[in-house]
Structure formats: structure tokens, C-alpha cells
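First comes the structure, then the notes that go with it.
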Amino acid sequence: MPVRYKDYYEILGVPRTASDAEIKKAFRKLAREHHPDVAKNKKQAEEKFKEINEAYEVLGDAAKRKKYDELGPNWSAGSEFRPPPGWEGFPGGRGFSSRGPRGEEFEFQFGGTGFSDFFEQLFGSAGRGGGAGGFGRRGGVAEDNFASERGRDIEGDIMVTLDEATRGSVRSVQVRHGVPCEHCAGTGQRAGHVCNVCGGTGQVAKTETYQVKIPAGVSEGQRLRVAGRGEAGIGGGKAGDLYLRVRFAKHPDFEVEGHNLIYEAELAPWEAVLGTNISVPTLNGRVNIRVPPGTQAGQKLRVRGRGLPQRGGGNGDLIVTTTVEVPTQVNESERKLWEQLARESQFNPRQ
Ligand SMILES: [Zn+2]
């Protein structure tokens, strides 16, 4: 099943030669602009926000960016994409098609997960059998004389915003996959002719929509199980399960570490020396924190309980990491003050 090429550089509006810092900056700017919580047209913003997130998920990660760049610069956005010959997939990424229990090809496509089919093909877990060993077969032991087999599990990624992880949500997810053609009973032939419904492949695509509950307190990488929504079993075997692997959407303000949120706060040199009060964002409004005198760059200030909720109850923390920014230009009177400080200060950082 062909997918459409995504030009992640174009989405973030940066050249292919952009540095990591430039990419991060472009992402932050766009993510703030299109964050569904602030935008006026929420639906449109949500689509754009997901696209930006996906682009940053790839370009903001050195290994994924390298793999993406290996595809070469000659693809244009929206063109039909198939990985070039000899292109080795990303660990975790895989094509959609995989062999089903009867040896037929199944193809998967997901909708409503927040990730494009292009992303899933290159970097996602779409279509991966979740079963133990082989092609995800389970329960292959014949309980009676029939080879009754449990259907394969299907696994895909789902993009979850930090807001959803905090409050929980219900998402509508579409799974498109191949099912046996009813017209020819999956044989591809009908009355000695090629079946005109499935074109001889023996299967047709079917899209099913499931409501998936995202509980508050989910964590990155957690798999949400939707029981019985994997591939159908055969010979009376039970259906497999659908698993959706949680991947947090990148946030313009926070990094996530477990259940803690990391926020980087920039300080002026005099603020670091003298101490100050600053306002920092949380997922639930801003809070004021005290920066003590003598704060170093890289120091961590902890705001208890303002991180992500944990499943067992309680919340992680917001950790404010400080950086000290230095003015690159000073006017005449500022220069005089810095010069006076340089003459009078007893401070020597190299002693
Ligand atoms: Zn058919």
C-alpha cells in the first residue's frame, strides 16, 4: 500500500542543513502558534499541530533524522512513496504488509492516531504482530483436530498530548486492513474467472473505527490494549488484540522524563547572582517560583506535584532547569556598569 511522502523540513520551514538548535526553535515557534489549546480554529490547529509534532519527532532525533535523510532530497511532498531498494528500515519501523495465519498478505493503515502512514512505515510500529514469536501467532496448539488459531495482534502508535495524559480522553481510531473477499470466499477466482470485486487478490480493504480510551496517567511507551480488535481468528480461534503504543506529542515548553516535566528557564546574569521571582508555565496555568541568589546555570529547581499524573495516584514534579543568558549587545551606560563590576568584583571563576 503506497503512502505519501512527507517533507518534514518543509513542514518546519527549515533548510535541510538546519542545526539541531534551529530545528528546535522552529518547532517551538510553530507548536505555540498551532497548539490546539490556544488556536481559534481547534480542528484545523489540531491537524497542523500533529504534523509539526511528527516532523519534530523525526528531525529532533539524531538517529531518526539520519535515517530520514538517507532517503535523499529528491522526494517531493505528497508524492507516492516506497522505500528505495536496499533501504534498511528503522528499528521499530516496518511496512504495513505482513503475512497472516493462512499465508495471505495483510495490509494495515491507521487513522486518527496522530501519525501519518508515512511515519508509521518508516519509524512506527504499525502492523507489527504483538504475539510471541513467529508472525505473532498465538494459541496455535490445536485444541481439537482443527488447527484453530487465535488471530494476530495488531500494534500501532498513538500520539497523546500531555494534556490528554493529564486529563484522559477518548479517541476515535480507524484501522484499515485486508479481510477475505466475500464475493469469491477469498480465493480470488469466481466461476473460473478472476474475481471482479477483489481483482484476484482474494482480499478487500475494510476500515473499522474503534473508540480508544486514554486514561489519565498514561506514560510514554505504554501499550493500550483494545481487546478482540486485532485480526480475526481462524477455525473458531479468538480474535487478536489491538495495541496502541503511547507516544507523547512534543510540547513547546516541556520535555518529559518519566512523570516529571522539564522546563528550561533563562536568567539574566544579575538575576542569577541576586536571585529573583519568575513565572513559569505548567500544564495548568503559570506558577511563580523563587530563584535563590547565586543560582548556577544548569541548576534544577523543583516544583512538587506539577508534573504528569501517575497511575497509582499523585503527580510527578515540574523541574525548572536554569540557563544564564548573556547580553550580546550593551549600550554605553551598560558597558560602564559592567566595566565597573569587572574592576571591583572579587569573583574569579577560574580559581
Ligand atoms: Zn474476490
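To keep it simple, each residue is scored yes or no on (1) in a loop (DSSP other than H, G, I, E, B); (2) without any contact (Cβ under 8 Å) to a residue 24 or more places away in the chain.
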site: Pro252; (1), (2): yes, no
site: Glu264; (1), (2): no, no
site: Val273; (1), (2): no, yes
site: Pro281; (1), (2): no, no
site: Arg286; (1), (2): no, yes
site: Arg302; (1), (2): no, yes
site: Ser333; (1), (2): no, yes
site: Lys336; (1), (2): no, yes
site: Gln346; (1), (2): yes, yes
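What's the total number of residues in the stretch 18-31 that are under 16 Å from Phe248 (Cα atoms) and open to solvent by 20 Å² or more (accessible area, probe 1.4 Å)? Steps first, answer last, please.
Within the stretch 18-31, the subset under 16 Å from Phe248 (Cα atoms) is 27-28, 31.
Within this subset, residues satisfying the condition of being open to solvent by 20 Å² or more (accessible area, probe 1.4 Å) are 28.
Qualifying residue count for the region: 1.
Scanning for something buried (at least 16 other Cβ atoms within 10 Å of the Cβ) and closer than 18 Å to Thr113 by Cα, does the stretch 183-202 turn up at least one residue?
No - not one qualifying residue is present in the stretch 183-202.
Is there a residue in the stretch 58-76 that is aliphatic (A, V, I, L, M), modelled with pLDDT under 80 and either out of contact with any Cys (no Cβ under 7 Å at 6 or more places or on another chain) or open to solvent by 30 Å² or more (accessible area, probe 1.4 Å) (or both)?
no
The values are calculated or read from the model by the stated rules, or taken from the named source; none is laboratory data. Owing to the predicted nature of the structure, the values given are computational and were not obtained by experimental measurement. Quick reminder, even Gly has a Cβ in these numbers, built from the backbone with ideal geometry, and neighbours come from all protein chains shown. Side chains included, ligands, DNA and RNA excluded: accessible areas come from the protein's heavy atoms. Shrake-Rupley method; radii C 1.70, N 1.55, O 1.52, S 1.80 Å.
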